[in-house]
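A.B. asks: The structure under discussion is supplied below as structure tokens; questions concerning it will follow.
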Amino acid sequence: MGKKRWTRLLLTGFVAFSLVGTSLGGAFASAAQAATPEDNAQESGGNGAVVGGIMALGLITMLAKGGDKHGGTSAAGKAPAPAPASTPAPKPAPKPVPKPVPKPAPAPSQPPTGTAAEEQQALALLNADRAANGLAPVRANSKLASLAGDYAQDMINRNFFAHNNPEGQTPFDRMRERGISFGYAGENLAINTSVAGAEQAFMNSPGHRANILNPRYTQVGIGVRHSRSGSVYVVQEYTDG
């Protein structure tokens, strides 16, 4: 009986040891399947340990995301490297003082449209036509030239073209108004593309040609003005002086 009793005790102890070993092995397997490398240090021991590991992983992940954003710890729990000691920023180099650039001399103001050069050209063409027909040249008269230029501009400004202005004044009325005396007087008007074209048109018109070639005239005033459209207005005012 003694031997049988010891045999039963030994068999019972062996079975109990086998059951405990099988249970512990299952717990380790479950923990290993649910864990990631960050969980290797956790305590294993059953379903409660497995759930705790998953929660810890989530918490570490949230901290890692928050840490990356706000300068905290990483998922591996490593503290960030200390920031290098701050050094004073280098002082900027002094900006070179720019040397003053000499201003260019102002360009000469442009003469108004209907330049003196064009008026001189018109006078030269007029006297060339007179000379070609055996006549003495006419002299430039400043008062007549001022009247001619003003009348050309008035026609442009008020958009008319005639010897009499909208108020009904004749060329002779305008001359008297300016204090210009005369015994004989005449006026030529043209709208053309150039001074030379205007002179040619005058010579091709019997009435205008008669004024240019009138031997009684000794003085002339010529005004040249340009409209916005580019047309050239030419006015010739003649007197016998």
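The values are calculated or read from the model by the stated rules, or taken from the named source; none is laboratory data. Nothing here was measured: the structure is a model prediction, and the numbers come from that model. Note that we place each Cβ from the backbone using ideal geometry, even for glycine, and neighbour counts take in every protein chain shown. Protein only, heavy atoms only, side chains kept; ligands, DNA and RNA dropped before computing areas. Shrake-Rupley method; radii C 1.70, N 1.55, O 1.52, S 1.80 Å.
A.B. asks: On a 1.4 Å probe surface of the protein chains, which of PHE161, PHE172 comes out largest in accessible area, and what is the full order?
C.D. replies: Accessible-area ranking of PHE161, PHE172, largest first: PHE161, PHE172.
A.B. asks: How much accessible surface area, in Å² rounded to 10, belongs to the heavy atoms of GLU118 with a 1.4 Å probe?
C.D. replies: Roughly 40 Å² of GLU118 is accessible to a 1.4 Å probe.
A.B. asks: Right, another one. Starting from the eigenvalues of the Cα gyration tensor, five times each then square-rooted, give me the equivalent ellipsoid semi-axes of the range 167-225, largest first, whole Å.
C.D. replies: Values: eigenvalues 93, 45, 21 Å².
Values for the range 167-225, descending: 22, 15, 10 Å.
A.B. asks: Separate question: Give, as a single signed number, the net charge of other residues whose beta carbon lies under 14 Å from the beta carbon of ALA196, with Lys and Arg counted +1 and Asp and Glu -1.
C.D. replies: Details: positive: none; negative: GLU118, GLU119, ASP129, GLU199.
Surrounding charge for ALA196 is -4.
A.B. asks: Taking θ = phi - 60°, what integer Hz values does the Karplus form 6.51 cos²θ - 1.76 cosθ + 1.60 yield along the range 152-165, in sequence order, with x for Gly and Pro?
C.D. replies: Karplus values, whole Hz, x for Gly and Pro: 4, 5, 5, 5, 5, 5, 9, 6, 9, 8, 6, 6, 9, 7.
A.B. asks: For the range 114-218, I need the span (max minus min coordinate) of the C-alpha atoms along each principal axis, in Å, sorted largest to smallest.
C.D. replies: Dimensions of the range 114-218 along the principal axes of its Cα atoms: 39, 33, 26 Å.
A.B. asks: Taking all pairs of distinct Cα atoms, average 1/r, flip it, and tell me the Kirkwood hydrodynamic radius of the range 111-153 in Å to one decimal place.
C.D. replies: Details: mean 1/r = 0.0880 Å⁻¹.
Kirkwood radius, the range 111-153: 11.4 Å.
A.B. asks: So who's got an amide H within less than 5 Å of the one on ARG139, skipping anything under 5 residues away but keeping other chains? H placed 1.01 Å off N, in plane.
C.D. replies: Under 5 Å from the amide H of ARG139: GLN219, VAL220.
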